[in-house]
Each structure stands twice: as C-alpha cells, then as structure tokens.
1. Please give the number of the condition A:Ala397 fails out of (1) small (Gly, Ala, Ser); (2) in a helix (DSSP H, G or I); (3) touching a Ser or Thr at 6+ places or on another chain (Cβ under 9 Å).
2. Against the condition crowded, with 23+ Cβ neighbours inside 10 Å, over 18 Å from the mean Cα position of the chain (by Cα) and within 14 Å of chain B (Cβ to nearest Cβ), how does A:Ala258 come out, does it pass?
3. Being in contact with a Leu (Cβ under 9 Å, 6 or more places away or on another chain) and among the β-branched types (Val, Ile, Thr) is the filter here; which residues of region A:86-128 pass it?
4. Is there a residue being touching a residue at least 60 places away in the same chain (Cβ under 8 Å), out of contact with any Leu (no Cβ under 7 Å at 6 or more places or on another chain), within 14 Å of chain B (Cβ to nearest Cβ) and in a strand (DSSP E or B) anywhere in region A:369-378?
5. So which residues in region A:314-326 are open to solvent by 10 Å² or more (accessible area, probe 1.4 Å) and within 14 Å of chain B (Cβ to nearest Cβ)?
6. Taking the condition of being modelled with pLDDT of 95 or more, touching a strand residue (DSSP E or B) at 6+ places or on another chain (Cβ under 9 Å) and among the basic types (Lys, Arg), how many residues in region A:255-282 meet it?
Amino acid sequence: MTVTEPAIPAPDSAVPPAAAAAPPALAQSDRDPENRLRSLFDLGAMRLLAPPDDSGALAARGQIDGAPAVAFATDATRMGGAMGAEGCQRIVDAIDLAVRERIPVIGLWHSGGARLAEGVVALDAVGQVFAAMVRASGRVPQLSVVLGPAAGGAAYGPALTDIVVMSKEGRIFVTGPEVVRSVTGEQVDMERLGGVEPHGRRSGVVHVTTSTDADAIAKARAVAALLGDQGRFSPDDVSVESEEENLGSLLPQQANRAYDVKPLVGRLLDQADGENYVELHAKWAPNIVTALGRFAGRTVGVIANNPLRLGGCLDSISAEKAARFVRMCDSLGVPLVVVVDVPGYLPGVGQEWDGVVRRGAKLLHAFAEAVVPRVTLVTRKVYGGAYIAMNSRSLGATAVFAWPTAEVAVMGAAAAVNILYRKQLAARPAEERDALRAELVAEHERAAGGVNRALEIGVVDEIIKPMETRRRLAEALAAAPAARGAHTNIPL
Amino acid sequence: MAEEIRAEMVANVWKVVASAGDTVDDGDTLVILESMKMEIPVIVESAGVLKELAVHEGDVVQEGDLIAVIE
C-alpha cells in the first residue's frame, strides 16, 4: 500500500518564506532546557507550548531554516532530567502535535531515566512516551539530540527515533557503571560505556557524533531542514559536466585500487556553502556510506559502497545499516540514489555466525518493499549476491544506470575462469597456462561480464557517461511518481 | 594516547608505505593490503608518530591483527 502524496507538504512556492536567521550557538554545557530549545530554532522563531515549570520537560514549536517543527527537552536542572508523569505527558503531547501537523519533532535529551520518587507511575509514563514515538514512526521525521546522560528509560527514547545525534558530553546506556561493576565486576567509566566512541563506532546506536553541543544542534537543524522541507526535483537546473573534469575523474586509474567514495558522493549532490550532505553512521560499518543531501533541488538519501573500507564488501552490519536507512527514507518519502561498486559479500565464518544471511535479508526486504523513486548507478563493478542487494532491477529499481567501463557479473572474470576451466588450465604445461587464462578471461568477459551483456538482458537500463550522470539520474528520479511507503521505521 | 590500528579483514600485505618513526597525519596511508582482489590502503585516522609497524610485505594478516601503533 502506498500513499501517493508526500505527507510533508512543501511550503507554498508562491510565497517564499522570510529568510531564516540562524540562532546564536548554544554554549557548551548550558543545561537550561529553554536555552537548548532556543538554539535549535531560527532566531526569534520559538514559542514555548507551556511555561517552564518543575515537570522535568519543556516543549516548544517554531521554525528551523524556515520550516515548521516541534521540539522538547528534558530538564537537566531538575533532578538530572528525570522523567515523571507530568513531564512525560508534555513530551507525548509534543509528539502528537507534530503528527497532527505532519512536521518533524526533535527531542533534546539529558535525563537519568524515570523519576524514582514516582515509582511505577513514572515507568508507565515513560512507556507512554515510547508508544507515542512508535505511533509517530514513519509518519513524521523524529530526531534526537543527546547532550548529557540518557540512561535507563531515557536511553530508549532516542533509540526509537529515526536519527540520533550525540555531543561529546552525551552518554547512552541502560545500566550505569555502578550497576555494571556490582553485577559483572567490570570496571568502566560512563564515557567508555556509552559515549560517542562506543555508540558512534561499535554499537550503531548513534548516527552522528559531534565534539560540541553547538555542533550537535547544528547537525540536528541541518537534518530537520532536509527532512522537513524536502523540496522538488528540478532536473533542468542540473548541467552536464565537462568531458575533462567530471564524476568519473574521482575513480582511480587501476580497476583494482580502492578509493574513498565520499568525494564522489559530495560531488554527485548539489553544492552548498560548507558541507553539502549529512553522513549517518559514518564510523559504524564504514564500508557502506549512508547520507542525506540535496540533489537537483530535492532531498535524497544516498547509499554508496565504500571500497576504501573492507574493499567495499557488503557484510552483516553494513547490510543492516543500509536496510534501516532505506526503510527510513521510504517511510519519510525520501527518494534514493544508490552508488554501486561492490566486490561481493564478505566471506568468512565470523560473517555467517554473525547472521549475514539474516541481516542481509533485511536489505533485500527493504529495497524490494520501497516505493520511493530509487535509481542505481554502477560505477565500476557489481558481483554476485551483492548485485541483487544493491537496488537491482529485479528488486524494483526505478532505473539502473552503469558507466561504460562497469562490470556486472556473478564474479570477476579471472576468478570465474579459474573455476570454470580448472581442468583445461591444469592440463596445459605451466608456461602456456597464463596465455590460455588471459584468452579465456577475455572470452568470458565478452560472454558473461561486461556491461553490454547486462544491457542486453535488461538488468541495466542504460549506459551513461560519467559527465552526464547527474543530469540523467535527476531526470529519472523526477520522472518517477512521488510515493511514500506506508510503514513505520523500526530501528532495525 | 597510543592508538592501535588493526586489520579489518583477512588480507595479504602487498606494500609497506610508511616506516616506524614517521610523523603521520589523518588520511595518510601506512600499508596497502590485498584482499578480495582489491588493493586496500590502511589509513591513519588521527595525527601522530608511527611508533610501531607490525607487518612486513608478504605477511598474511587475520582480522584483528595489529598493523601499527600511532602515538
């Protein structure tokens, strides 16, 4: 089932919004919830939903980069931000308001969890916050910014949302160092247990880490603007690049040399002052890049294999990371651009035992289910099972493009020949073997690999030059009907 | 603080580019591994001095093996 009209309306283009002024930066470790909220909204654009009190939470509405949004903050100045019935109700109301108005909701977290003094009443209230978040899931963008400890119940609040940003002072854990020490005997501090390093690199709980509170707020503003005001495709504004200097110049000369795909992602997207995209999960499963940016004037999600890490192989964790990103984008109506250069799935006992089949299936499921416009670009190669997983034609890609030098095959030609012609090769004297192998490889490339064969079969729709890539991708995305998956965004 | 750089996957050490004692910067290449028929550079993620280089050309590294220590 699909909803054909994106539920987040673009602002009426006939009335351009007044230029939004950025708010003053949040001072590091300023714990006042009102100051924290004010730093999130455009200058002078915040209105509190209720006056400050001792409920433990504060909520507000306003504009972020001109687009309306709702936000709430736990009050770190009262009982360390502990959550009671009254404060939780305020958070639930803020989320429900965002859902009614179909605008993003941002939570600023600094809380030790449920209020002990309120007992089970507080637990029930925290549970109602979770339920409100799940009701809103996939309907409006939900962001979390973790500025201090978010422990116990407060840990799962951010974890239920679409994107979690964490500042250097942020901590997320279910049980704190004291409990860990008393139960398991492990000595660990809060930062090592649940700081930016473990959650940015190891657990995948946090999507974006920053070194200051002000940077965390700035990232949340950037994401809220991208998801809250997605814009429209204008492919006519995308010019064809020059023959000498284009996207293709960013690939290394040798086909087997690894390279960082991020400059290519940056160049593919619309240029802006400063960073032109927000990368999610940059250090977790870095062999696949997931990023939000604007392309031909509209917000898109980019998924790209990164050959610099693990050779760009898909593995268990990267498949899961990409699957969650695909489902988030689909549920929020964000079209996808998939940049493919993948040698296959990473082989190994560790991978199989880690559930590469189960987690890899999530990526297949996510792509096959997605109804947003989604185009694929094969830059160098796509082999094996990874071919199917990376938004292939068979999984319903809107269009699959490939550069003229790309290779689409079950495996690399050299490897395939070694298996298919093992006996013939072994039968030859050693000195003739290399010549025969080269001959067979060339023959095999003609018959099975090579992009022309893929075009004949119809698994690649069109071979395009690197210089015209931006234009062709933009045209294909703009021509596809706007759609949005009717599902929630479970944190896979 | 010393930072250990470990192999992300099983690979052959194809080329050693840096040597112990070198001053290295974020993004510099230490060694180039060969795996999955690809040449994969091992990159420094923080500036410092290369205190120890634990591999030689031709070595086979397993996932998690120490490649270098940066200080």
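The values are calculated or read from the model by the stated rules, or taken from the named source; none is laboratory data. Since the structure is predicted, the reported quantities are computational estimates derived from the model, not experimental observations. As a convention, Cβ positions derive from the backbone with ideal geometry for all residues, glycine included, and neighbour counts pool all protein chains shown. Calculation scope for accessible area: heavy atoms of the full protein, side chains included, ligands and nucleic acids excluded. Shrake-Rupley method; radii C 1.70, N 1.55, O 1.52, S 1.80 Å.
1. The one condition A:Ala397 does not meet is (2).
2. On the way: crowded, with 23+ Cβ neighbours inside 10 Å: yes; over 18 Å from the mean Cα position of the chain (by Cα): yes; within 14 Å of chain B (Cβ to nearest Cβ): yes.
Yes, satisfied.
3. So the first thing to find is which residues in region A:86-128 are in contact with a Leu (Cβ under 9 Å, 6 or more places away or on another chain), and the list is A:87, A:90, A:93-94, A:97, A:103-110, A:114, A:122.
Scanning region A:86-128 gives A:Ile103, A:Val105, A:Ile106.
4. The answer is no; no qualifying residue exists.
5. A:Asp315, A:Ile317
6. 1
Residues checked against (1) β-branched (Val, Ile, Thr); (2) not in a helix (DSSP H, G or I):
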site	(1), (2)
A:Asp215	no, no
A:Ala218	no, no
A:Arg232	no, yes
A:Glu243	no, yes
A:Tyr259	no, yes
A:Gln271	no, yes
A:Pro286	no, yes
A:Gly293	no, yes
A:Val300	yes, yes
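Residue by residue, here is whether (1) in contact with a strand residue (DSSP E or B) (Cβ under 8 Å, 6 or more places away or on another chain); (2) open to solvent by 60 Å² or more (accessible area, probe 1.4 Å); (3) more than 13 Å from chain A (Cβ to nearest Cβ); (4) modelled with pLDDT under 90 holds:
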position: B:Met1; (1), (2), (3), (4): no, yes, no, yes
position: B:Trp14; (1), (2), (3), (4): yes, yes, no, no
position: B:Thr29; (1), (2), (3), (4): yes, no, no, no
position: B:Glu45; (1), (2), (3), (4): yes, yes, no, yes
position: B:Val49; (1), (2), (3), (4): yes, yes, yes, no
position: B:Glu57; (1), (2), (3), (4): yes, yes, yes, no
